[in-house]
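The values are calculated or read from the model by the stated rules, or taken from the named source; none is laboratory data. The structure displayed is predicted, hence computed values, not measured ones. For neighbour counting, all protein chains shown are included, and Cβ atoms are generated from backbone atoms with ideal geometry for every residue, glycine included. Keep in mind that these areas ignore ligands, DNA and RNA; they rest on the heavy atoms of the full protein, side chains included. Shrake-Rupley method; radii C 1.70, N 1.55, O 1.52, S 1.80 Å.
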Amino acid sequence: MLPRIHCITDLPSYDNGALSLLEAVVREGVDAVQVRAKSVSDREVVAFTRALVDRLAGTPAAVIVNDRVDIALVAGAQGVHLGRDDLAVAEARRLAPEGFLVGGTCRNADQAREAKAQGADYVGVGPVYPTTTKSGLPDPIGLDVLRDAARVLPAIAISGINAERAPEVMAAGAYGIAVASAICRSPQPGLSARELVGAVAVA
């Protein structure tokens, strides 16, 4: 089963406290953690990802590394998510072992078809709504574009999604959602994760 609820790390530090927070949200039903840690060194990302893989062993949650298939493979993660400027999905697929998840970012159905042709398991589709988590994003694509892309491959909707917006995103055909600030910047990450899981489950 592909993960449906991805928590993208947006954390002030990548230490034992961060590991504990992510363990807590996985206990609430989050089934993928995407490690995005652009503010720390490659060595620190590898060490953190290895520790997270160990912590989540025995749970249904997958550990996915953003952008870097090399780090994902070295750290023993279960997948990689590639942006539009990263290594091509087809190249990552050649490097990856059987069963390794490869996701690609897309902004429209044509890009989703390209990702499918290259062997992607799913596509991250967005930005669906405006967000302050990541700078330099294009204008929001909206639900109609999400709906078109979701007809091509399982679509993980991303950007500006919270428990209130999740039902309409799922109704537009999304397979799941990816969130960063809705969990990682919440004063109660576990509760926020539970609300998101519930919103996706009933959609």
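Considering only protein heavy atoms, what is the solvent-accessible area of LYS38 at a probe of 1.4 Å, reported in Å² to the nearest 10?
140
Collect residues whose amide H, placed 1.01 Å from N in the peptide plane, falls under 5 Å from the amide H of LEU101; neighbours closer than 5 in sequence don't count.
Here GLY79, VAL80 satisfy the definition.
To one decimal place, what Kirkwood hydrodynamic radius in Å is obtained for the stretch 1-121 from all pairs of distinct Cα atoms? Could the numbers behind the result be given before it?
Values: mean 1/r = 0.0689 Å⁻¹.
Final number for the Kirkwood radius of the stretch 1-121 is 14.5 Å.
For semi-axes √(5λ) of the Cα gyration tensor in Å, which listed value, [x] 23, 21, 15; [y] 26, 20, 16; [z] 55, 21, 13, comes from the coordinates shown?
Computing semi-axes √(5λ) of the Cα gyration tensor in Å and matching it to [x] 23, 21, 15; [y] 26, 20, 16; [z] 55, 21, 13 gives [x].
Step through the residues of the stretch 148-153 one at a time and calculate ³J(HN,Hα) from phi using the Karplus curve (6.51 cos²θ - 1.76 cosθ + 1.60, θ = phi - 60°), rounding each to whole Hz and writing x for Gly and Pro.
5, 5, 5, 6, 9, 9
Calculated FRET efficiency, ALA88 and ASP42, Cβ-Cβ r, R0 25 Å, to nearest 0.05? List each step's numbers first, then the result.
Working: r = 20 Å, r/R0 = 0.82.
Step by step, r from the Cβ atoms, then E = 0.75.
Determine the gain in length on full extension of the stretch VAL202-ARG113; use 0.36 nm per residue of separation and subtract their C-alpha separation, reporting nm with one decimal.
Numbers: separation 89, 0.36 × 89 = 32.04 nm, distance 2.85 nm.
Length gained between VAL202 and ARG113: 29.2 nm.
Report the full-extension gain for the segment ARG185 to ARG27: residue separation times 0.36 nm, less the Cα-Cα distance, to one decimal in nm. Mind showing how you got there, number by number?
Numbers: separation 158, 0.36 × 158 = 56.88 nm, distance 1.78 nm.
So the chain would gain 55.1 nm between ARG185 and ARG27.
Probe radius 1.4 Å, ligands and nucleic acids ignored: give me the carbon and sulfur share of the accessible area of the chain as a rounded percent. Mind showing how you got there, number by number?
Working: 4660 of 9330 Å².
That share works out to 50 percent.
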